[in-house]
Amino acid sequence: MALLGLQGSLSADEPFTLETAKTAAAQGDANALYFLGKHYAKGDGVPQDETTAADYLKQAAEKGNAYAQNDLGAAYAKGRGVKQDFQEAARWYRKAADQGDSLAQYSMGLSFALGRGVPKDMAQSLMWYRMAAEQDQPDAMLALGEIYLKGREGITVDYKEAFKWYEKAAGQGCVGALSPLGCLYEVGGGVKLNLGKALKCFHDGAEKGDPRCQMNLGRMYKDGQGVKSDLVEAYKWFYLASNQGDGVATHYLEEIEGSGRVPEKVLAETRRQAATSKSP
């Protein structure tokens with residue numbers, strides 16, 4: 001979720017210019033007020049000013065603009081332009097969520113999961129996450145996948161449900177879903193075991209810079225799971241993941257370095273190529 005949780009993009013097809021928005025905002029137009037809130041939050045065409053942004057968002061939110069209500073909630077949650085206040089954040093998220101805003105519904109789910117501004121309540125969290133996920137909100141899909149994969153208070157592990165939501169999240173372009181999805185394919189959790197699909201999930205995520213996918217892809221090359229064993233290729237992916245702080249990848253990296261099975265000259269060249277490659 002973005003720092004301020006801004007819903008709308010700043011694009012050429014917006015209904016206002018800054019000047020026309022100021023005129024309409026002076027007349028109380030909620031959409032114009034929201035437009036100005038976005039621009040001041042991002043410093044687009046005006047000096048960035050989070051206090052002014054929050055003021056415009058609040059005016060729009062009080063007039064019922066759901067996007068502004070969500071973004072005002074995010075401003076309170078982060079303390080951007082207003083004093084940090086999780087209860088106020090949850091209050092505005094709830095107003096937007098009740099209007100069907102999927103990002104606000106996700107934020108309500110997160111608030112209940114953390115007990116932030118509302119009592120901690122996993123049943124409520126699950127309800128809001130599901131409402132958002134059913135509107136194709138990828139963060140909510142990812143959250144549901146994690147809940148069913150690991151289980152939570154009063155919610156039992158359900159690999160089929162976990163797989164369903166991770167698969168949907170991946171379909172929405174959520175890179176973070178690819179590693180757990182690949183792991184479920186690898187062990188047959190909630191889906192028929194398929195090492196080829198596991199490898200594809202890990203490879204897709206690794207190419208996009210996800211360190212868990214890079215580590216898992218390296219592991220499959222190291223062990224020859226679903227692909228021919230290749231310690232040099234494994235080392236490359238462990239190196240990239242380790243550079244992003246993945247401790248498991250660092251362990252495997254050191255294991256290969258200490259094994260003597262790959263000449264140091266080859267490892268050094270692999271590190272050089274990995275560091276200069278287009279892969280993150």
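Cross-link partners of Lys38 among lysines, defined as those whose alpha carbon lies under 18 angstrom from its own and excluding same-chain residues fewer than eight positions apart: Lys22, Lys58, Lys63, Lys78. Near Gly43, once Lys and Arg are set to +1 and Asp and Glu to -1 for all other residues with Cβ below 10 Å from its Cβ, the sum equals -2.
On C-alpha positions alone, give me the angle between the axis of helix 247-259 and the longest principal axis of the chain, in degrees, nearest 10. Taking Cα atoms only, the helix is inclined about 20 degrees. For region 1-99, the Cβ-based charge dipole about the Cα centre amounts to some 300 debye (Lys, Arg positive; Asp, Glu negative; other atoms uncharged).
Electrostatic tally near Tyr34: other residues with Cβ closer than 10 Å to its Cβ, Lys and Arg +1, Asp and Glu -1, net 0. With helices as the sole contributors, the chain gives -21000 deg cm²/dmol at 222 nm; each DSSP H run of n ≥ 4 counts as -39500 (n - 2.57), and the sum is divided by every residue.
Helix 211-223: angle to the longest alpha-carbon principal axis of the chain, degrees 0 to 90, nearest 10? The angle comes out at about 20 degrees.
Of Gly117, Gly218, Phe163, which is farthest towards the positive pole of the chain's charge dipole, taken about the Cα centre with +1 and -1 on the beta-carbons of Lys, Arg and Asp, Glu respectively? Among Gly117, Gly218, Phe163, the one farthest towards the positive end of the dipole of the chain is Gly218. Summing Cβ point charges (Lys, Arg +1; Asp, Glu -1) relative to the Cα centre of the chain gives a dipole of roughly 460 debye. Here the Karplus relation 6.51 cos²θ - 1.76 cosθ + 1.60, evaluated at θ = phi - 60°, turns the backbone of region 142-152 into coupling constants of 4, 5, 5, x, 5, 4, 6, 6, 9, x, 9 Hz, with x for every Gly and Pro. A DSSP coil position with no more than 13 other Cβ atoms inside 10 Å describes none of the chymotrypsin sites (Phe, Trp or Tyr not before Pro) in region 213-267.
Annotation note: GluC sites (Glu not before Pro) in region 149-228 located in DSSP loop regions with a Cβ neighbour count of at most 16 within 10 Å are Glu153. Compared with the dominant principal axis of the Cα atoms in the chain, helix 159-171 is inclined by about 70°. Pairs exceeding 21 Å between alpha-carbon atoms, taken from Lys197/Lys228; Lys120/Lys160; Lys168/Lys236; Lys200/Lys228; Lys95/Lys120: Lys120/Lys160; Lys168/Lys236.
Classify region 69-117 from the C-alpha gyration tensor, please: rounded if a/c falls under 1.5, else prolate or oblate depending on whether a/b exceeds b/c. Oblate. Each Cα pair under 8 Å and six or more residues apart adds its separation to the average, and for region 1-99 the resulting relative contact order is 24 percent.
Taking a sphere under 12 Å around the Cβ of Val157 and counting the other residues whose Cβ falls inside, with K and R at +1 and D and E at -1, yields a net charge of 0.
Loop sites by DSSP among the trypsin sites (Lys or Arg not before Pro) of the chain, restricted to those with at most 13 other Cβ atoms within 10 angstrom, leave 1-82 as the longest stretch without any of them. Comparing Gly218, Gly171, Gly145 in a Gaussian network model of the chain, where Cα atoms under 10 Å apart are tied by springs, the biggest mean-square fluctuation is seen for Gly171.
Every number here is computed from the coordinates shown, using simple stated rules; none is lab data. Because the structure is predicted, anything quoted here is derived from the model rather than measured. Every residue, glycine as well, gets a Cβ built from its backbone with ideal geometry; the counts of neighbours run over all protein chains shown.
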